[in-house]
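Engineer: Handing you this structure, nothing more for now.
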Amino acid sequence: AMQQLLIVAGIVLVLGIGLVAITSSTGEQGDQPADLATEPTMDDDMGMDEVPSEPTPTPDPEVEEAPDLVALAQSSEDLSTLVEAVAAAELVETLASDGPFTVFAPTNDAFAALPAGTLETLLEPENQEDLAGVLTYHVVPGAVRAEDLEDGMTVTTVNGAELTIGVSDAGVSVNDASVITADLEAANGVVHVIDAVLLPPS
């Protein structure tokens, strides 16, 4: 009996040591994930370094579009009478359309040089058709620049009548008017400023 008790005690002791060893081993393994979780890995560091800081996008500067023929005339104080006449003739929408058109634009002084009462009469509502006829005599279909003009050439206006172009060392003329500023670019055509009002043939 005594021998059997010793054998049982030995088995219990061996089992107990084994359990302690297993428990100790499990505890160490259980601690490892916590350590891994708290310490950044090399992969984590590399990942952070690989993400570039995005620069703040710089907005592209706005590209200013060329004004249409009406807006171009409105921007010039010296063409204010022409702008008033175009509005009175109800040609604003036409001259602001796609075009393109070439406009020979008389200055304020050119309108002022008309015989007394001529402009005032043309601006009266009952004479709108006559005013439109005068203004469309200053408009040519297409974009015609100074380099396209030749001495003695004729161009047909929106009015239907023709203008005669003169080119010399003195400059460019249109009928009896002189071009004082050429090739003002608009989104829907070109403007040549002239020093006299062109009157269509009666």
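Engineer: Could you list all residues from the stretch 176-191 that are more than 27 Å from A116 (Cβ to Cβ) and either of a type outside the set (S, T, N, Q) or touching a Cys at 6+ places or on another chain (Cβ under 6 Å) (or both)?
Structural biologist: A182, D183, L184, E185, A186, A187, G189, V190, V191
Engineer: Name the single residue, out of those in the stretch 128-151 being in contact with a strand residue (DSSP E or B) (Cβ under 7 Å, 6 or more places away or on another chain) and either hydroxyl-bearing (S, T, Y) or in a loop (DSSP other than H, G, I, E, B) (or both), that is nearest to A110 (Cα to Cα).
Structural biologist: Only one residue fits best here, namely H138.
Engineer: Restricting attention to the stretch 123-139, which residues are of a type outside the set (A, V, I, L, M, F, W, C) and within 33 Å of the chain's Cα centre (by Cα)? Steps first, answer last, please.
Structural biologist: Pass one, the stretch 123-139, residues of a type outside the set (A, V, I, L, M, F, W, C): 124-130, 133, 136-138.
Of everything in the stretch 123-139, those that are of a type outside the set (A, V, I, L, M, F, W, C) and within 33 Å of the chain's Cα centre (by Cα) turn out to be T136, Y137, H138.
Engineer: Residue check: is D98 part of a helix (DSSP H, G or I), open to solvent by 100 Å² or more (accessible area, probe 1.4 Å) and at pLDDT below 95?
Structural biologist: The answer is no for D98.
Engineer: While we're here: Which of (1) open to solvent by 70 Å² or more (accessible area, probe 1.4 Å); (2) modelled with pLDDT of 95 or more is the odd one out, the single condition D169 does not satisfy?
Structural biologist: Condition (2) is where D169 drops out.
Engineer: With the structure loaded, tell me whether T154 is open to solvent by 60 Å² or more (accessible area, probe 1.4 Å), β-branched (V, I, T) and at pLDDT 95 or above or whether it fails that test. Break it down stepwise before answering.
Structural biologist: Details: open to solvent by 60 Å² or more (accessible area, probe 1.4 Å): yes; β-branched (V, I, T): yes; at pLDDT 95 or above: yes.
Judged against the criteria, T154 is a match.
Engineer: Against the definition (at pLDDT below 95 and of a type in the set (A, V, I, L, M, F, W, C)), how does A146 come out, yes or no?
Structural biologist: Values: at pLDDT below 95: yes; of a type in the set (A, V, I, L, M, F, W, C): yes.
It is true that A146 is at pLDDT below 95 and of a type in the set (A, V, I, L, M, F, W, C).
The values are calculated or read from the model by the stated rules, or taken from the named source; none is laboratory data. Remember, it's a predicted structure, so these values are computed and weren't measured experimentally. Quick reminder, even Gly has a Cβ in these numbers, built from the backbone with ideal geometry, and neighbours come from all protein chains shown. SASA here: full protein model, heavy atoms, side chains in, ligands and nucleic acids out. Shrake-Rupley method; radii C 1.70, N 1.55, O 1.52, S 1.80 Å.
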